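**Student:** Below is the structure I would like to discuss, written out as structure tokens.
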Amino acid sequence: MVSRVIPVEPFDLVIFGATGDLARRKILPGLYRRFCDGQMPPDASIIGAARTEQDSAAFVAQVVEAIETFLPATKRDQDSLAAFCARLRYVAVDAMGEGGWAELAQMMRPDVVQAFYFSVAPSLFGALAERLHHFNIARQDARIVVEKPFGRDRETARALNATLAAHFNETQIYRIDHYLGKETVQNLMAVRFGNTLFEPLWNAQYVDHVQITVAEEVGVGGRGAYYDKSGAMRDMVQNHLMQLLCLTAMEPPARFEPDAVRDEKLKVIRALEPVAQKQIVRGQYQAGVKPSYLDDVENPASRTESFIAMKLQIANWRWNGTPFYLRTGKRMKARKSEIVIHFKTPPHSIFDADAGRRANVLSIRLQPDEGIDLRVTIKEPGPGGMRLIDVPLDMSFAEALGPEAADVPDAYERLIMDVIRGNQTLFMRGDEVEAAWGWTDPIIAAWEAQGTRPLPYAPGSTGPEEAAILMHQDGRRWQDI
Ligand SMILES: NC(=O)c1ccc[n+]([C@@H]2O[C@H](COP(=O)([O-])OP(=O)(O)OC[C@H]3O[C@@H](n4cnc5c(N)ncnc54)[C@H](OP(=O)(O)O)[C@@H]3O)[C@@H](O)[C@H]2O)c1
């Protein structure tokens, strides 16, 4: 089954920070893929912008090198690469200076969609927004795309929101959380709200608990200096895991529209109960074949966590009494992201005690091998009497929908096309981001006040033993990673 590609309107997309890591790894290769898929109209224009003084030809050479580095040979060819590069231009601008802006203004067309990707440090957002207006470049309907981290607490997020709001209204601002662009995350909404099968059971009466795991095999790598100032709570929980939690727990929106969806997500964040410190486990990976966290960040005194596990409660009618367990970490056993819904065991068993009691489990796999798996209880085959086992009803998207459908656009590709389409459903609203920080701030403040060190854990493991205990004391266990 081949997915349908709907071309977007003609556009001018300016990428500030076009020479940076994110542009090289994700944005430009992603745009090329959309071009190859026929989603980009012939007169789309992409303008790279950064301080580096270079002409468009030098920029094009960089983009070709990036695409050749980050896309496999099977996903590119010389003809389409040349045609894509004909869409590219470059202008040298300094967000903090005056040079280059008049030139950029000249490059923009009046009658096409206008989008500006701020792929630069957040400290430059204000200067960029101001200059886009001062030089009369951004129109009333222009869109801006901003990256994480969106603040490091509620106060800084509020200040960033206010900076952007001075020049753009909320309908123009696209705050990216690339987890929301993943195919399975959107499938979570399709599964919940496109089937009658699950939604009636999606509540505390039938769901025992929910587990959300985002495990990475990699360590902090070259991002040590940045990561050490942030940690798993700020880097992963406040944004990505919180978004997954919201989509899992929210009420059905009246329509699949940006504000209807975002209103419901916001209600979940506001319903989160404060978390006691004893419900949280923080960890730091030790040395193995590779260096320890402390060596990676070159800070032997670091108290920043590279792992976190926590138990949350949502105080509303739907979820009262059903805990949500969140877990994320670096240098873990495997790379795996999934949302797992553990349903309750049947209230009464008609079978002998020997048959055993089983519970249904619905797993929504984000990576690797995106798909959905539902474990159902059946009789163990054979003459051994009634013994219950559970078996998977497994739908790997790659298997069920064919190889083309498995080759779905990367989250960035999809989200950039949504910006051009003017669809904000998969982007975070300012009040959502502030509310999420409002929930994490007191937790982080308590750690800082106590000055406790995260617990050590072995690389390639599932985190500190205490994370398993957090579950065991509730009579539950984590899904294997
Ligand atoms: N890299 C990732 O995987 C990743 C993931 C999630 C979020 N992000 C976020 O995305 C943004 C960009 O990250 P990055 O990793 O690409 O950073 P980066 O590699 O440091 O690139 C920064 C870019 O900004 C440009 N720049 C710096 N100062 C400038 C100025 N005064 N005026 C105009 N351009 C300027 C740089 O080019 P010149 O030096 O030529 O000016 C460069 O193109 C950051 O907010 C980051 O937190 C990155």
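The values are calculated or read from the model by the stated rules, or taken from the named source; none is laboratory data. In this text, all values refer to a predicted model and were calculated from it rather than measured experimentally. Note that we place each Cβ from the backbone using ideal geometry, even for glycine, and neighbour counts take in every protein chain shown. Just so you know, the surface numbers come from the protein's heavy atoms only, side chains and all, with ligands and any DNA or RNA stripped out. Shrake-Rupley method; radii C 1.70, N 1.55, O 1.52, S 1.80 Å.
**Student:** Just name one of 135, 106, 10: the one whose Cα is farthest towards the positive end of the charge dipole of region 1-156 (beta-carbon charges, Lys/Arg +1, Asp/Glu -1).
**Tutor:** Farthest towards the positive pole: 10.
**Student:** Let me know the whole percent of all Cα-Cα pairs from region 310-401 that are separated by more than 19 Å.
**Tutor:** 59
**Student:** In angstroms, what radius of gyration and Dmax does region 90-187 have, counting Cα atoms only?
**Tutor:** In order Rg, Dmax, the Cα atoms of region 90-187 give 14.4, 45 Å.
**Student:** Given a cut-off of 22 Å, what percent of all Cα-Cα pairs of region 196-331 lie beyond it?
**Tutor:** 46
**Student:** Rounding to the nearest 20 debye, state how big the charge dipole of the chain is about its Cα centre with +1 on each Lys and Arg Cβ and -1 on each Asp and Glu Cβ.
**Tutor:** For this selection, approximately 900 debye.
**Student:** Which order do peptides 243-252, 335-344 fall in by mean Cβ count within 10 Å, highest first?
**Tutor:** 243-252, 335-344
**Student:** For region 153-248, just run the numbers: alpha carbon Rg, then divide by 2.2 N^0.38 Å, N being how many residues it has.
**Tutor:** Against the empirical 2.2 N^0.38 Å value, I get 1.39 for region 153-248.
**Student:** Also: So for region 20-89, Kirkwood radius off the Cα pairs, Stokes-Einstein at 25 °C and 0.890 mPa s: how many µm² s⁻¹?
**Tutor:** Numbers: Rh = 12.2 Å.
After rounding, the answer is 201 µm²/s.
**Student:** Taking the dipole about the Cα centre of region 1-76, with the C-beta of Lys and Arg at +1 and of Asp and Glu at -1, give me whichever of 62, 32, 52 is farthest to the positive side.
**Tutor:** 32
**Student:** Roughly to the nearest percent, how much of the accessible area of region 192-246 is carbon and sulfur, given a 1.4 Å probe?
**Tutor:** C and S atoms contribute 58 percent here.
**Student:** Against the empirical 2.2 N^0.38 Å scaling, what ratio does the C-alpha Rg of region 1-127 come to?
**Tutor:** 1.06
**Student:** A further question follows. Give the carbon-plus-sulfur fraction of the accessible surface of region 318-371 in %, rounded to a whole number; probe 1.4 Å, heavy atoms of protein chains only.
**Tutor:** Using a 1.4 Å probe with all protein chains present, region 318-371 comes out at 49 percent carbon and sulfur.
**Student:** Using only Cα atoms and rounding to the nearest 10 degrees, what angle (0 to 90) does helix 125-134 make with the longest principal axis of the chain?
**Tutor:** The answer is roughly 40 degrees.
**Student:** Could you give the spread of the C-alpha atoms of region 363-450 along their three principal axes, from largest to smallest, in whole angstroms?
**Tutor:** Projected onto its principal axes, the Cα set of region 363-450 covers 60, 46, 18 Å.
**Student:** What is the dipole size for region 396-471, taken about its Cα centre, with +1 at each Lys and Arg Cβ and -1 at each Asp and Glu Cβ, in debye to the nearest 20? Mind dumping the intermediate values first?
**Tutor:** Working: 4 positive and 13 negative charges, 26 e Å.
Its charge dipole is roughly 120 debye.
**Student:** Shape call for region 293-448 from the C-alpha gyration tensor, a ≥ b ≥ c root eigenvalues: rounded (a/c under 1.5), prolate (a/b greater than b/c) or oblate?
**Tutor:** Verdict is prolate for region 293-448.
**Student:** Same structure, new question: For the chain, list log₁₀ I(q)/I(0) at each q in 0.10 Å⁻¹, using the Debye formula over Cα point scatterers of equal strength and ignoring solvent, two decimals each.
**Tutor:** Once normalised to I(0) and log-transformed, intensities are -0.82.
**Student:** Determine the share of region 1-111's accessible area contributed by carbon and sulfur atoms, expressed in whole percent, with a 1.4 angstrom probe.
**Tutor:** Carbon with sulfur: 53 percent of the solvent-accessible area.
**Student:** Given Cβ point charges of +1 (Lys, Arg) and -1 (Asp, Glu) and nothing else, what value in debye, to the nearest 20, does the dipole of region 154-210 about its Cα centre take?
**Tutor:** The calculation lands at about 140 debye.
**Student:** With the other protein chains left in place, how much accessible area per residue, in square angstrom, belongs to the chain at a 1.4 angstrom probe? Before the final figure, lay out the partial values.
**Tutor:** On the way: 21270 Å² over 481 residues.
I get 44 Å² per residue for the chain.
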